[in-house]
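Encoded as structure tokens, the structure appears first; notes follow it.
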Amino acid sequence: AAISVGFDSWVRGERIVLGASGLIGKLETDTRFNGEDDYTVWLVGIDFFIPLLPSVHLKGEGFIGQALGDFRGGIGQSINPSFGREIESIGGFAELFWQATDKFGIGVGGAIDNPELSDLDPGMRASNWVAYVATRYQIDENFRTGIDVMFWNTEYVDGEDGDTYRFNYFIEMSF
């Protein structure tokens, strides 16, 4: 379930939007882990879009929940097989975006996904964070392209951090 509310901002013609969401569900595994095969999935989230200037906005979201691997939370980890219980996680992202022209925009942002350490075994992923620059170019009404440059850090329980740079190029068609 999700709900949002929008209201006029100080930027003419732009609205501030605040939202909240949540879900609850069940996850059943084919294999029992520490005697368990039924798990509870839950999530509470907030999101926002705030115009700061006519061509600049701030947007983001935050979440807390458990067994969120199917929703890209918990760094893809839903349950700990040795404990036989759900992995809790908290995280979110924020992005500052400048629409420089009618066709071109650039944003900077960051995101984090931080599972509960007490739910993890050695070697499991303990934290992911990313910092990025994103460009967007509107080719025409239906086509958009862009390049994203990211620095990605993954921390492991009792292990070495993993760092990488990632470069994405995409073409998007809307219809």
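The values are calculated or read from the model by the stated rules, or taken from the named source; none is laboratory data. This is a predicted model, so every value here is computed, not measured. A quick note on method: Cβ atoms are made from the backbone with ideal geometry, for glycine too, and the neighbour counts reach across all protein chains shown. Surface accessibility is based on the protein's heavy atoms, side chains included, excluding ligands, DNA and RNA. Shrake-Rupley method; radii C 1.70, N 1.55, O 1.52, S 1.80 Å.
Once you reduce the range 59-90 and the range 21-38 to the center of their Cα atoms, the two points are 12 Å from each other. Mean sequence separation of contacting Cα pairs (under 8 Å, at least six apart), scaled by the length of the range 78-175, corresponds to a relative contact order of 21 percent. Pairs of Cα atoms nearer than 8 Å and 6+ residues apart set the relative contact order; for the chain it is 13 percent. Computed over the chain with a Gaussian network model linking Cα atoms closer than 10 Å, the most mobile of Leu96, Leu27, Leu58 is Leu27. Can you send over the carbon and sulfur percentage of the accessible area for the range 73-137, probe radius 1.4 Å, protein chains only? Whole-percent figure for carbon plus sulfur exposure: 64.
Computed extension length for Arg32-Val149: 38.0 nm, one decimal, from 0.36 nm per residue of separation with the Cα-Cα distance subtracted.
FRET efficiency for the Trp129 to Asp70 pair, using the beta carbon distance and R₀ = 22 Å, is estimated at 0.55. Subtracting the Cα-Cα distance of Ile106 and Asp161 from 0.36 nm times their residue separation leaves 16.9 nm of extension gain.
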